[in-house]
Amino acid sequence: MKYNPADKIQDLQYFREFGGVNPSISDSSTYTFLSAKTMFDTFEGNAEGCYLYSRHSSPSNLYLGEALAAMEATEAATVTASGMGAITPVILQLCDAGDHIVSSRTIYGGTYAFMKNFLPKLNINTSFVNITKLEEVESAITSNTKILYCESVSNPLLEIANIPALAELVKKYNLKLVVDNTFSPLSITPSILGADIVIHSLTKFINGSSDTVGGVICGPSDFINELRNVNDGACMLLGSTMDSFRSASILKNLRTLHIRMQKHSGNAMYLAEKFQALGLKTVYPGLNSHHGNELFTSMMNDEYGFGGMLTIDVGSLEKANSLMELMQEENLGYLAVSLGFYKTLFSAPGTSTSSEIPEEEQLEMGLSDGLIRFSIGLDNHIDRTFKQMKKCMEQIGVLEKVTL
Ligand SMILES: *Cc1c(COP(=O)(O)O)cnc(C)c1O
């Protein structure tokens, strides 16, 4: 039987006599020791189950980390204050000055900006490649390459990374495959497909209520412990620590992730099929017309679908903006960045979340002006939503060509 991430989360319980049904929130930055010797041992990293200081770890953060490690089928996980607070320490832990990264060019704008503008200050350079072209990926690898970086489903173009094939390359050249799985929680389990380290922005689907930022790094225990090492751990020393109240609330939201993902995916599939039938240029990994459809199908855990993200191209930025404003007026969603909310969110990536990417590079990767990125919400009757969206499209003139 295939790995079922939601079952693994469900199987975890923190249950005991007089315990709360949710684990207690640890409301402390520092912890007592009964003996000075234990404190010393803990600093040396040798006291299992002892807490030192909450930037290092806290009970609440460990509970959430344990649940996310179960979800991602990794030995361990550590939570961070944001998705970027997970991505940056992983890179800085794995790379020294002079090292090199091969990364997909269609990645989250913040990650792209970090690699392109920030890492060169440390003499860490990145080659950006078309991740769907394996020969291009392989030929970018040099003797200094340490990391192969991608997103399972890329932002915003929804390209699918062939994780098993990339894992082969990583083995051949002795690199680490780091996968950002933010767009496809539960649907894809990268570690089972050969990824070494899996990252999420918890801000998105996993928390799902757009009330916090958060991140997680899932991987082997050795690596997670290295990140938390008091002497040279990037998580410990860069200090992007999640607060205990937040990790407790994200853990509660994680309990409904499987139900939400099924609804996000079902609604997105319905709209993608309808949009495509109207003649709109629609990109959704669940459509047969998507070039990564077969690949996604071969990698996915059944039940959770192809995710909640889709894009349409309405031809121009003006039309995209008018359509988004009208859909918001009609209460069909919000003109906002981010994703994974109960309500549909839409934005034009070229002028928002991917604006860090220079215009000519945007064009080269197929990120056109008229592109609208949708994070489809949990609408109860998606057919009703579709009818209202279609009306908006007719009003803006997006469907003119089709209805003629
Ligand atoms: C949002 C996002 C991030 C960054 O996460 P934050 O929580 O905003 O720091 C990274 N990767 C992807 C794919 C994202 O969508």
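Rule-based calculations on the coordinates, nothing more; no lab input. None of these values were measured; they are calculated from a predicted model. Glycine also receives a Cβ, built like all others from the backbone with ideal geometry; neighbour counts cover every protein chain displayed.
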³J(HN,Hα), Karplus 6.51/-1.76/1.60, whole Hz, each residue of region 296-308, x for Gly, Pro:
4, 4, 6, 9, 7, 7, 4, 5, 9, x, 9, x, x
Mind computing the radius of gyration and Dmax over the alpha-carbon atoms of region 257-395? Å is fine for both.
14.5, 40
On a full-extension model of 0.36 nm per residue, what is the gain between GLN388 and SER289, subtracting their alpha-carbon distance, rounded to one decimal in nm?
33.2 nm
Degrees, to the nearest 10: 382-396 long Cα axis against longest axis of the chain
60
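List the trypsin sites (Lys or Arg not before Pro) in region 193-301 that DSSP assigns to loop (not H, G, I, E or B) and whose Cβ has at most 15 other Cβ atoms within 10 Å. Which are they?
On the way: sites: LYS204, ARG228, ARG246, LYS252, ARG255, ARG260, LYS263, LYS274, LYS281; in loops: LYS204, ARG228, ARG255.
Here the sparse-neighbourhood loop sites are ARG255.
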Close Lys-Lys pairs in region 5-254, where close means Cα under 18 Å and separation is 8 or more or interchain
9
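Over the chain, calculate the relative contact order: mean separation of alpha carbon pairs under 8 Å at least 6 apart, over the residue count, as a percent. Could the numbers behind the result be given before it?
Details: 790 pairs, mean separation 66.8, N = 404.
Normalised by residue count, the contact order of the chain is 17 percent.
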State the three equivalent ellipsoid semi-axes of region 85-224, derived from the C-alpha gyration tensor as the square roots of 5 times its eigenvalues, in descending order and whole Å.
22, 17, 15
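Rounded to the nearest 5, what % of the DSSP beta bridges within the chain are antiparallel ones? Kindly include the intermediate steps, with their values, before the conclusion.
Values: 22 of 41 bridges.
Expressed as a percentage, antiparallel bridges in the chain total about 55.
Given the alpha-carbon gyration tensor of the chain, what are the semi-axes of its equivalent ellipsoid in whole angstrom, ordered largest first, with each equal to the square root of 5 times an eigenvalue?
Details: eigenvalues 273, 130, 67 Å².
So the three semi-axes of the chain are 37, 26, 18 Å.
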For region 257-395, averaging the sequence separation of alpha carbon pairs under 8 Å that lie six or more residues apart and dividing by its residue count, the contact order in percent is 28
Any GluC sites (Glu not before Pro) in region 1-97 that lie in a DSSP loop and have at most 11 other Cβ atoms within 10 Å would be GLU17, GLU44, GLU48
Angle check, please: helix 163-173 long axis (alpha carbons) against the longest principal axis of the chain (alpha carbons), in degrees 0 to 90, nearest 10.
50
Taking alpha-carbon centroids only, region 281-348 lies from region 207-257 a number of Å equal to 28
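Calculate for the chain the 222 nm mean residue ellipticity that helices alone would give, adding -39,500 (n - 2.57) per DSSP H run of length 4 or more and normalising by residue count, nearest 500 deg cm²/dmol.
Values: 16 runs with 152 residues, N = 404.
Value at 222 nm, helices only: -11000 deg cm²/dmol.
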Euclidean distance between Cα centres, region 83-111 to region 152-179, Å:
14
Between helix 59-72 and the chain, what is the angle of the helix's C-alpha long axis to the longest principal axis, kept within 0 to 90° and rounded to the nearest 10?
50
